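Where a number appears in this text, it was derived from the coordinates with a stated rule and is not lab data. Computed from a predicted structure; not experimentally measured. All Cβ positions, even for glycine, are placed from backbone atoms using ideal geometry, and neighbour counts span all protein chains on display.
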Amino acid sequence: MRPLLGRFFPNGRADVSSFNVGARDGLFQGMRKDLSGTASQLSPTVSGRSEPSLAALALVGQLGLIYLFTAMAKHGETWQNGTALYYALNMDQIARPLGRWLASQSIPIIKTLTWSVLGMEFAALPLMLLPFAQPWPRRVAIVALSTMHLGIALTTTLFFFSVTMVASFALLLLPEDWARIKCWNVSRRSATTVRAFTQAMERSLRGGGP
């Protein structure tokens, strides 16, 4: 511990008996500086991509086909003229209060939302399997489809359907995505640990006890 603390002292030694206010403040500032650099030091680095896998392609393709076939099945008149969402949200069996409120909005809003659902479902498969510019196309698909399912969960009783579909998006994450998630989690926990240590040291050195 003394070598660690010694780096904050002008003479390089952690002599607590000669620990004045200026040195104490320097110690706290040094710890906070180290804390601010924790996240940058833990930035994700990915050495390479995973090997192509037929099984992974089949899983991602199946997920994309779910949305493609769903969109292709929506060929009725109400989907074509953009009023399908209005009729769906006026069904008492599935509509939540927020859904009934949304159904009461202006026709342009209803049509925009209806056609947006179709657009996201038709775009899902190409975004998931696009052979270039990844992982951003998949990230766009995850955000867009998650937003759609959030809307479904809030406006209808199909909550578990939406949760199940969003959970399946973990299949779309590439190695660099998992690396970022892992490093974000490590960085957050490390920052919390260092912050707690700094606060405990500050209380102790100020005479406030543990």
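Pairs linking a residue in segment 117-136 that is farther than 12 Å from GLY64 by Cβ to a residue that is of a type in the set (Asp, Glu) and in a helix (DSSP H, G or I), with Cβ atoms under 9 Å and 6 or more positions apart or on different chains, are PRO135/GLU176; PRO135/ASP177.
Need a quick list: helices (runs of 4 or more DSSP H) entirely within segment 61-136 having at least 2 residues that are on the phi < 0 side of the Ramachandran plot, surrounded by 15 or more Cβ atoms within 10 Å (Cβ to Cβ) and under 28 Å from the mean Cα position of the chain (by Cα).
By residue number, 97-103, 107-129.
All conditions but one from (1) under 14 Å from LEU63 (Cα atoms); (2) among the hydrophobic types (A, V, I, L, M, F, W, C); (3) touching a residue at least 12 places away in the same chain (Cβ under 8 Å) apply to ILE94; the one that does not is (1).
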